[in-house]
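S.K.: Encoded as structure tokens, here's the structure I'll be asking about.
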Protein chains: 2
Amino acid sequence: MTTNRIPRAPESFAVPRGLLYGAAEGAIKKPGRLDVGVITGERLVAAAVFTTNRFAAAPVIVSREILRRNSGQVAGVVVNSGCANAVTGPRGLEDAWRMSEALGAQVPALVCSTGTIGVHLPMERLLPAVARAKESAGSSAGDFLRLADAILTTDTRRKVAAAGIPGSSAVMVGCAKGAGMIAPSMATMLAFVATDARICAADLQRSVARISNRTLNCLTVDGDTSTNDTLIGISSGCTGPEIVAGSPEHAAFEAALEEVLQSLTIQLAADGEGATTVIEVAVSGARDFAEARAAALKVANSPLVKTAVHGRDANWGRIAMALGNSGAEFEPAEVDIAMESMPLLSRGTPVPFDEGEALRILDTDYLRVSCRIGNGPGEARVWTCDFSKQYIEINGAYRT
Amino acid sequence: MTTNRIPRAPESFAVPRGLLYGAAEGAIKKPGRLDVGVITGERLVAAAVFTTNRFAAAPVIVSREILRRNSGQVAGVVVNSGCANAVTGPRGLEDAWRMSEALGAQVPALVCSTGTIGVHLPMERLLPAVARAKESAGSSAGDFLRLADAILTTDTRRKVAAAGIPGSSAVMVGCAKGAGMIAPSMATMLAFVATDARICAADLQRSVARISNRTLNCLTVDGDTSTNDTLIGISSGCTGPEIVAGSPEHAAFEAALEEVLQSLTIQLAADGEGATTVIEVAVSGARDFAEARAAALKVANSPLVKTAVHGRDANWGRIAMALGNSGAEFEPAEVDIAMESMPLLSRGTPVPFDEGEALRILDTDYLRVSCRIGNGPGEARVWTCDFSKQYIEINGAYRT
């Protein structure tokens, strides 16, 4: 089996200066598991992108408001897993504010929750756990890994990525969670990227939005956008010089951000509920990026494509079907489809292929499907995973 | 278990006068199964709606052209299962024309194919089978049932419905096929409705389009719109008087058409790949029908909602999530969600419910989910099925 393209979460890495990470057990998930986390520091700036779901969760509403009021100045982040605090009415909003204030700083902290929808937070257990997480917070890679573990729900493993920023001694670390209800339309379920690079809140916001658009926003597990999706970028600004928008340092910063977010994106796809194979769908020749991404997402969301890959079946007809449904405007007679380097459809005509060779290519944990739909300049890559019986098992008995 | 709302295909029924149905074995599917069918008669008029997939199959392209050229006058319908003749290039188009001409009449016949995409028709077996189907054609209910069987692929049972037209001695019979790749955007995979009511081609076209919009176009199994979707309405005109648009007779005709198409729609949902439960999603209070249907379809297409129903889990949070993703504009604080008569969310606030009662309600082969999203006049009902491991089994090993 081919296996070399899925990034592994590192165990040791350089951490940004000026940031502390803490985690604690709040008995919100099953007892004995970390489910509360904090990020703290002095004079932090933050930026974030959030779900577009109309039922935006209480922590999303509160965090948006905090960023707006304080122009990106925050005390840190407070997060819990096990309860999404979504569709919880006025009491849910009040709980999210109290959770934010639990860091006890002059400016409020951003707040995130993930887990079951429609259930209230157990504040009597949550607030003491936030205090414990804050007390125990430290700045080592091990501390960051505990935070990365505290945000997981149905994930089978943690997602972590780290990168240096070329030409600078500043670094960047990121973590994410999510395995189902993943079709980010602003960001994935929860992801945090921390850095000590000195960048202002407005530029950080632009970079987070721009880079998430071609990484986390190009990810789908099941086409279902969650009520709690949040990506937060947070900086201590400890390591100068100041990054100026448009400078070579800014380009290096965004390259590092893309490296971290793309790695997290692929790690999320690899741990999609029931997944055995990451599928990268690349579409080129579209009118623009938006059309290419829409076409690629339609392929990536098709249950028929995802089950075919699971069954190791080079059933390119289903890929053609999905492209044809995507709203992209193309001529069927101009379409090419390939799996890895094996052409399956060329200029709209089926290419005979060797089934043995196809099986060999499909025996992988990372399959690249490429589609050329015309001669336009638009191209995009999206990531998803195959669809297995385990997805049904996991989701047929999640809440009960 | 509650079970009373899924229509069963009748075995005996009155058939329209002036139409003949034939079927034959062409060894396109496995040998020993009917896979070729014809509908013939004298001076037939027909109307049809087709897939919106950009990779429209060769028979769709040919049938569209025939209807246009002949203003709805056709020799009948020729259909095969086992091979979709889709994404088959110029040779596929030529094959579809030859298949159409195989009925050997002065005006051409409409032509439909369903089955695997990207494979050429075995014309050397198909054309003799069309001749045999034509020779053996008859006008009894049994002949219609053989046609209904000849169009099936991964279906586990035939879909048939019949209706009288109130105030007239004319009748209507319909059949359909489809179990996967079902998200009709003009019609379902294949459906035929035959009648002897005297109606002109233009009025028949309007009725077929109008009624399919709230029946077959409100159906989804997996969100994947096929390349071959075709609904054909065909009339011998043998039983008068002429139906005039806007008359009471016209309303009665459309009521019968809706009865037949809605029955086929629910039968299709009930036989969705791996299905154990039909889910009816009703959305009301939307701005208009289009918004209500889009919201209902988003719920019906959510793998998380479909697996929850499969797991007998009253997980209304996933329904809220899907509504929030649908693009419908509503206030979360105004939303009600219920399963059957059990309220789960009222004005955006969770309603405590009894888990035993929920289990009793969910132990059914037909579950009604209703959502009120505001005070608008728009409402729609859509039908889908739950998502089970059998879906993965069926589609992970279909082509091989």
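The values are calculated or read from the model by the stated rules, or taken from the named source; none is laboratory data. Quick caveat, the model's predicted, so the values are computed rather than measured. We place every Cβ from the backbone using ideal geometry, glycine too, and count neighbours over all the protein chains shown.
S.K.: Filter the range B:47-57 down to the residues that are among the small types (Gly, Ala, Ser) and within 13 Å of another protein chain (Cβ to nearest Cβ), then identify the one that is surrounded by the most Cβ atoms within 10 Å (Cβ to Cβ). Steps first, please.
M.R.: Our first condition is that a residue be among the small types (Gly, Ala, Ser); within the range B:47-57, this holds for B:47-48, B:56-57.
Now narrow it down to the ones that are within 13 Å of another protein chain (Cβ to nearest Cβ): B:56-57.
On the way: B:Ala56: 22, B:Ala57: 31.
Ranking the qualifying residues of the range B:47-57, first place goes to B:Ala57.
S.K.: Please name all residue pairs, on different chains or six or more residues apart, with Cβ atoms under 7 Å, provided the first residue is in the range B:63-82 and is under 18 Å from B:Val38 (Cβ atoms) and the second residue is part of a helix (DSSP H, G or I) and among the β-branched types (Val, Ile, Thr).
M.R.: From residues that are under 18 Å from B:Val38 (Cβ atoms), the pairs are B:Val74/B:Ile66; B:Val78/B:Val130.
S.K.: Please find, within the range B:12-44, the residue that is farthest from B:Ala162 (Cα to Cα) out of those that are small (Gly, Ala, Ser) and assigned to a loop (DSSP other than H, G, I, E, B).
M.R.: Taking the range B:12-44 and keeping what is small (Gly, Ala, Ser), we get B:12, B:14, B:18, B:22-24, B:26-27, B:32, B:37, B:41.
Still in the running and assigned to a loop (DSSP other than H, G, I, E, B): B:12, B:14, B:18, B:26-27, B:32.
On the way: B:Ser12: 9, B:Ala14: 8, B:Gly18: 16, B:Gly26: 28, B:Ala27: 29, B:Gly32: 28 Å.
For the range B:12-44, the residue satisfying everything is B:Ala27.
S.K.: Give all pairs with beta carbons closer than 7 Å in which a residue from the range A:319-346 that is touching a residue at least 40 places away in the same chain (Cβ under 8 Å) and within 9 Å of chain B (Cβ to nearest Cβ) meets a residue that is not hydrophobic (A, V, I, L, M, F, W, C) and not in a loop (DSSP other than H, G, I, E, B); count only pairs at least 6 apart in sequence or on separate chains.
M.R.: Matching pairs, first to second residue: A:Leu323/A:Lys298; A:Ala328/A:Glu291.
The rows are residues; the columns are (1) more than 14 Å from chain B (Cβ to nearest Cβ); (2) without any contact (Cβ under 8 Å) to a residue 60 or more places away in the chain; (3) within 23 Å of the chain's Cα centre (by Cα); (4) closer than 25 Å to A:Gln390 by Cβ.
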{"site": "A:Arg98", "(1), (2), (3), (4)": "yes, yes, no, no"}
{"site": "A:Gly104", "(1), (2), (3), (4)": "yes, yes, no, no"}
{"site": "A:Ala109", "(1), (2), (3), (4)": "yes, no, yes, no"}
{"site": "A:Thr114", "(1), (2), (3), (4)": "no, no, yes, yes"}
{"site": "A:Pro122", "(1), (2), (3), (4)": "yes, no, no, no"}
{"site": "A:Asp143", "(1), (2), (3), (4)": "yes, no, yes, no"}
{"site": "A:Thr153", "(1), (2), (3), (4)": "no, no, yes, yes"}
{"site": "A:Ala163", "(1), (2), (3), (4)": "yes, no, yes, no"}
{"site": "A:Gly167", "(1), (2), (3), (4)": "yes, no, no, no"}
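S.K.: Any residue at all in the range A:234-254 that's at pLDDT 85 or above and under 21 Å from A:Val62 (Cα atoms)?
M.R.: yes
S.K.: Here is a follow-up. Looking for whichever is within 25 Å of A:Gln73 (Cβ to Cβ) and either touching a Cys at 6+ places or on another chain (Cβ under 8 Å) or of a type outside the set (Phe, Trp, Tyr) (or both) here; the options are A:Asp229, A:Asp149, A:Asp155, A:Asp222. Which one fits?
M.R.: Working: A:Asp149 fails: within 25 Å of A:Gln73 (Cβ to Cβ); A:Asp155 fails: within 25 Å of A:Gln73 (Cβ to Cβ); A:Asp222 fails: within 25 Å of A:Gln73 (Cβ to Cβ).
Answer to the check: A:Asp229.
S.K.: Give the residues of the range B:313-338 that are among the aliphatic types (A, V, I, L, M) and within 25 Å of B:Ala290 (Cβ to Cβ), sorted by residue number.
M.R.: Looking only at the range B:313-338, we keep the residues that are among the aliphatic types (A, V, I, L, M), and these are B:314, B:319-323, B:328, B:333, B:335, B:337-338.
Across the range B:313-338, the qualifying residues are B:Ile319, B:Ala320, B:Met321, B:Ala322, B:Leu323, B:Ala328, B:Ala333, B:Val335, B:Ile337, B:Ala338.
Every residue, every condition in (1) within 30 Å of A:Ile392 (Cβ to Cβ); (2) out of contact with any helix residue (DSSP H, G or I) (no Cβ under 8 Å at 6 or more places or on another chain); (3) surrounded by 20 or more Cβ atoms within 10 Å (Cβ to Cβ), yes or no:
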| position | (1), (2), (3) |
| --- | --- |
| A:Gly223 | yes, no, yes |
| A:Ser226 | yes, no, yes |
| A:Gly237 | no, yes, yes |
| A:Pro248 | no, yes, no |
| A:Val260 | no, yes, yes |
| A:Arg287 | no, yes, no |
| A:Val299 | yes, no, yes |
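S.K.: I'm checking my understanding of the structure. Among residues of the range B:327-340 that are out of contact with any strand residue (DSSP E or B) (no Cβ under 9 Å at 6 or more places or on another chain) and not acidic (Asp, Glu), which one is surrounded by the fewest Cβ atoms within 10 Å (Cβ to Cβ)?
M.R.: Step by step, filter the range B:327-340, then rank; the result is B:Gly327.
S.K.: Still on this structure, please answer the following. At least 2 residues that are farther than 30 Å from A:Arg17 by Cα and within 14 Å of another protein chain (Cβ to nearest Cβ) in each: list the helices (runs of 4 or more DSSP H) lying fully within the range A:200-311 that qualify. Walk me through it before giving the result.
M.R.: Working: elements: A:201-213, A:248-270, A:289-301, A:303-310.
The qualifying helices (runs of 4 or more DSSP H) are A:289-301, A:303-310.
S.K.: Out of (1) among the hydroxyl-bearing types (Ser, Thr, Tyr); (2) within 30 Å of B:Lys29 (Cβ to Cβ); (3) assigned to a strand (DSSP E or B), what's the single condition that is false for B:Ser370?
M.R.: It is condition (2) that B:Ser370 fails.
S.K.: Looking only at the range B:355-373, filter to residues that are within 14 Å of chain A (Cβ to nearest Cβ) and more than 22 Å from B:Asp271 (Cα to Cα); which one of those is surrounded by the fewest Cβ atoms within 10 Å (Cβ to Cβ)?
M.R.: It comes out as B:Gly356.
S.K.: Surrounded by fewer than 24 Cβ atoms within 10 Å (Cβ to Cβ) and either over 23 Å from A:Pro332 (Cβ atoms) or more than 14 Å from chain A (Cβ to nearest Cβ) (or both): does that describe B:Leu44? Break it down into steps so the answer makes sense when it comes.
M.R.: On the way: surrounded by fewer than 24 Cβ atoms within 10 Å (Cβ to Cβ): no; either over 23 Å from A:Pro332 (Cβ atoms) or more than 14 Å from chain A (Cβ to nearest Cβ) (or both): yes.
The answer is no for B:Leu44.
S.K.: Which one of these is under 26 Å from B:Val305 (Cα atoms), hydrophobic (A, V, I, L, M, F, W, C), without any contact (Cβ under 8 Å) to a residue 60 or more places away in the chain and touching a helix residue (DSSP H, G or I) at 6+ places or on another chain (Cβ under 8 Å): A:Leu216, A:Leu231? Show your work before the answer.
M.R.: Values: A:Leu231 fails: without any contact (Cβ under 8 Å) to a residue 60 or more places away in the chain.
It is A:Leu216.
S.K.: Looking at (1) touching a residue at least 60 places away in the same chain (Cβ under 8 Å); (2) surrounded by fewer than 19 Cβ atoms within 10 Å (Cβ to Cβ); (3) touching a helix residue (DSSP H, G or I) at 6+ places or on another chain (Cβ under 8 Å), which one does A:Phe192 not meet, given that it meets all the others?
M.R.: The one condition A:Phe192 does not meet is (2).
S.K.: List every residue pair whose Cβ atoms sit under 6 Å apart, with the two residues 6 or more apart in sequence or on different chains, where the first one lies in the range A:374-392 and is closer than 24 Å to B:Asp313 by Cβ and among the aromatic types (Phe, Trp, Tyr) and the second, anywhere, is modelled with pLDDT of 90 or more and crowded, with 18+ Cβ neighbours inside 10 Å.
M.R.: Partner pairs satisfying both residue conditions: A:Phe387/A:Lys306; A:Phe387/A:Thr307; A:Phe387/A:His310.
S.K.: Any residue in the range B:169-179 that is modelled with pLDDT of 85 or more, among the polar types (S, T, N, Q) and in a strand (DSSP E or B)?
M.R.: No; the residues of the range B:169-179 include none that is modelled with pLDDT of 85 or more, among the polar types (S, T, N, Q) and in a strand (DSSP E or B).
S.K.: Output yes when any residue across the range A:354-364 is among the polar types (S, T, N, Q), part of a loop (DSSP other than H, G, I, E, B) and either in contact with a Pro (Cβ under 8 Å, 6 or more places away or on another chain) or modelled with pLDDT of 90 or more (or both), and no when none is.
M.R.: Restricting attention to the range A:354-364, the residues satisfying the condition of being among the polar types (S, T, N, Q) are A:364.
With the extra rule that they be part of a loop (DSSP other than H, G, I, E, B), the set shrinks to none.
No - not one qualifying residue is present in the range A:354-364.
S.K.: Applying the selection to the range B:315-353, what residues are aromatic (Phe, Trp, Tyr) and under 19 Å from B:Gly378 (Cα atoms)? Break it down into steps so the answer makes sense when it comes.
M.R.: Restricting attention to the range B:315-353, the residues satisfying the condition of being aromatic (Phe, Trp, Tyr) are B:316, B:330, B:353.
Within the range B:315-353, just B:Phe330 meets the criteria.
S.K.: Within the range B:85-119, can you find the residues that are out of contact with any Leu (no Cβ under 9 Å at 6 or more places or on another chain) and either in a loop (DSSP other than H, G, I, E, B) or buried (at least 24 other Cβ atoms within 10 Å of the Cβ) (or both)?
M.R.: Hits for the range B:85-119 are B:Ala86, B:Leu103, B:Gly104, B:Ala105, B:Gln106, B:Pro108, B:Val111, B:Ile117, B:Val119.
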